[in-house]
Amino acid sequence: MPRLLFSDFPLGNPCGRPYDADMQHHIVGFALGLFDSATLPRTTVQTPYAWSEDESWKQRYAQIDPADAERLRSMGETRRERQQQAKGGATQRSD
């Protein structure tokens, strides 16, 4: 990868917080500017933005409450079965 713009945000939010158009425009601008300014392979630049002043979101991100684990597992199995059916294939489990 010749150049990378890194944002320390939760997955699925590479361009900033939802509905924060100013942040999103700036981040896209940084990325486009990197095409011009990066002179060496593997150039990595980090955006100057933080997801939140409270960094504790990183410890909580994607944590699953044990009380919800079985329900979420079941929902995932149902989703995978529906995807297989939509593809016309048989359901396979690899537990």
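Only one of the numbered conditions (1) of a type outside the set (S, T, N, Q); (2) in a helix (DSSP H, G or I); (3) over 18 Å from the mean Cα position of the chain (by Cα) is violated by Glu53, and that is (2). Scanning the range 15-49 for residues that are open to solvent by 50 Å² or more (accessible area, probe 1.4 Å) and either in a strand (DSSP E or B) or modelled with pLDDT under 90 (or both) returns Phe35, Asp36, Ser37, Thr39, Leu40, Pro41, Arg42, Thr44, Val45, Gln46.
Please enumerate the residues belonging to the range 50-68 that are open to solvent by less than 90 Å² (accessible area, probe 1.4 Å) and aromatic (Phe, Trp, Tyr). Outline the logic, then answer.
Of the range 50-68, the ones open to solvent by less than 90 Å² (accessible area, probe 1.4 Å) are 50-52, 54-58, 62, 65, 67-68.
Listed by number, the residues that qualify are Trp51, Trp57.
Among the conditions (1) without any contact (Cβ under 8 Å) to a residue 40 or more places away in the chain; (2) loosely packed, with under 11 Cβ neighbours inside 10 Å, the only one that Glu81 does not satisfy is (2).
The values are calculated or read from the model by the stated rules, or taken from the named source; none is laboratory data. Given the structure is predicted, the values throughout are model-derived calculations rather than measurements. Counting neighbours? That spans all protein chains shown, and the Cβs are built from the backbone with ideal geometry, glycine included. Please note that ligands, DNA and RNA were not included when accessible areas were found on the heavy atoms of the full protein model with its side chains. Shrake-Rupley method; radii C 1.70, N 1.55, O 1.52, S 1.80 Å.
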